[in-house]
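Down below is the structure, laid out as structure tokens.
The values are calculated or read from the model by the stated rules, or taken from the named source; none is laboratory data. A quick note: this is a predicted structure, and the numbers were derived from the prediction, not measured. Note that each Cβ is placed from the backbone with ideal geometry, even for glycine, and that neighbours are counted across all protein chains shown. Surface accessibility is based on the protein's heavy atoms, side chains included, excluding ligands, DNA and RNA. Shrake-Rupley method; radii C 1.70, N 1.55, O 1.52, S 1.80 Å.
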Amino acid sequence: MRDVVTRVLVVDDQPLFRAGLVALLNAAPDLTVVGEAADSAAACALARTARPDVILLDIRLPGLAALKTVAGSARVLVLTTFDLDEYVHEALRLGAAGFVLKESEPARLIAAITAVASGEMQFGPTVMRRLVAAYLRGGTAARGSDAGLEELTGREREVLRLVGTGLTNTAIAARLTVTEGTVKTHLNRVMTKLRLTSRAQAVVMAYESGLVVPRLAG
């Protein structure tokens with residue numbers, strides 16, 4: 001259980017919705033809102049001064065590429081809706097640590113923020129399925145050996161595959177019957193060898209390389 005307060009920056013261009021988020025998060029144990037912004041430019045400036053742990057960002061805002069700037073200083077949790085799938089894969093590429101539906105229950109949103117702050121990725125099953133569907137519709141080809149997977153050991157490839165399915169380190173450790181520390185070591189080596197900067201990019205790599213074969217049914 002986290003024994004520190006997670007600092008959150010809320011970014012949304014709808015004043016009433018943003019105010020509701022701020023009130024909700026400030027009322028939650030172990031969370032505090034250190035700033036709020038209505039656009040990506042203000043978010044980038046606040047990320048440098050307020051030093052948040054997590055940035056809660058509306059995916060509809062212009063300037064999605066600003067994630068490249070803010071993701072380096074804090075983990076980005078993206079707010080999305082069912083009809084905005086086309087943005088999700090790009091947000092992953094730019095370093096988003098997770099996605100949560102704007103229609104989610106308050107408890108789910110708070111849990112997602114806590115998970116992201118702890119270093120996990122956050123994908124609800126529905127969001128993951130729709131992400132994969134959008135990815136396939138985009139026609140992105142797998143890069144195979146061009147992705148550098150030949151540099152990975154068998155166990156490293158397996159860890160990357162499981163990361164790509166959305167499993168946490170704890171779940172991967174249980175699946176492979178190893179310690180969580182061992183999983184972290186393998187994943188760190190994967191990211192170093194493939195020159196990845198975030199777990200989100202590891203998920204993208206798992207799909208692009210063909211390690212994870214999307215299954216849209218069920």
Enumeration of residues in the stretch 15-39 that are open to solvent by 70 Å² or more (accessible area, probe 1.4 Å), free of Cβ contacts under 8 Å to residues at least 24 places away in the same chain and not hydrophobic (A, V, I, L, M, F, W, C): Pro15, Asn26, Pro29
For the stretch 29-55, give me the residue count where each residue is out of contact with any Ser or Thr (no Cβ under 7 Å at 6 or more places or on another chain), of a type outside the set (Val, Ile, Thr) and in a helix (DSSP H, G or I). 7
Out of Arg108, Arg130, Arg161, sole residue that is part of a helix (DSSP H, G or I), modelled with pLDDT of 60 or more, touching a helix residue (DSSP H, G or I) at 6+ places or on another chain (Cβ under 7 Å) and farther than 18 Å from Met191 by Cα: Arg130
Quick one: which residue in Ala141, Ala147 is at pLDDT below 90, more than 29 Å from Pro52 (Cβ to Cβ), open to solvent by less than 30 Å² (accessible area, probe 1.4 Å) and small (Gly, Ala, Ser)? Ala147
State the number of residues belonging to the stretch 7-28 that are under 22 Å from the mean Cα position of the chain (by Cα), among the aliphatic types (A, V, I, L, M) and not in a strand (DSSP E or B). 5
